[in-house]
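A short worksheet on the structure shown next.
The values are calculated or read from the model by the stated rules, or taken from the named source; none is laboratory data. Just so it is clear, the structure is predicted and the values come from calculations on it, not from any experiment. All Cβ positions, even for glycine, are placed from backbone atoms using ideal geometry, and neighbour counts span all protein chains on display. These accessible areas exclude ligands, DNA and RNA; they are computed on the full protein's heavy atoms, side chains included. Shrake-Rupley method; radii C 1.70, N 1.55, O 1.52, S 1.80 Å.
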Amino acid sequence: MPRGDKSSYTDKQKRKAAHIAESYEERGVPEQEAEARAWATVNKDSRGGNKSGSGRGKPDSHASARRGGKAAADRPAADRSAAARKGWETRRRNATS
């Protein structure tokens, strides 16, 4: 199997990669980069692959889905700035203690 061949991925993994790539493209990432990031995310979540068939393979970890999100981007800049200042003050105070 040549590098880049996606035939051994399950249909669910292919759908997931397509959805992730589409999301990256909506945020302005070039198409090739978006696809590479999408497959890297799928590989991270599925820990290297799944065997096709009902109930076979390893369950997905969903590690990438748990981190981040766009909630922070939806907050006003003043709120984000205040949170950053508060975090900095806490880290500074704990470093000197």
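Quick notes on this structure:
- Of all residues in the range 52-97, those that are modelled with pLDDT under 75, open to solvent by less than 100 Å² (accessible area, probe 1.4 Å) and not in a loop (DSSP other than H, G, I, E, B) total 6.
- Taking every residue in the range 1-28 that is under 15 Å from SER64 (Cα atoms) and pairing it with any residue that is of a type in the set (Ser, Thr, Tyr) and open to solvent by less than 100 Å² (accessible area, probe 1.4 Å), at least 6 positions away or on another chain, the pairs with Cβ-Cβ distances below 7 Å are GLN13/SER46; ILE20/THR41.
- Filtered residues of the range 6-35 (kept if outside any helix (DSSP H, G or I) and either open to solvent by 90 Å² or more (accessible area, probe 1.4 Å) or of a type outside the set (Phe, Trp, Tyr) (or both)): LYS6, SER7, SER8, THR10, ARG27, GLY28, VAL29, PRO30
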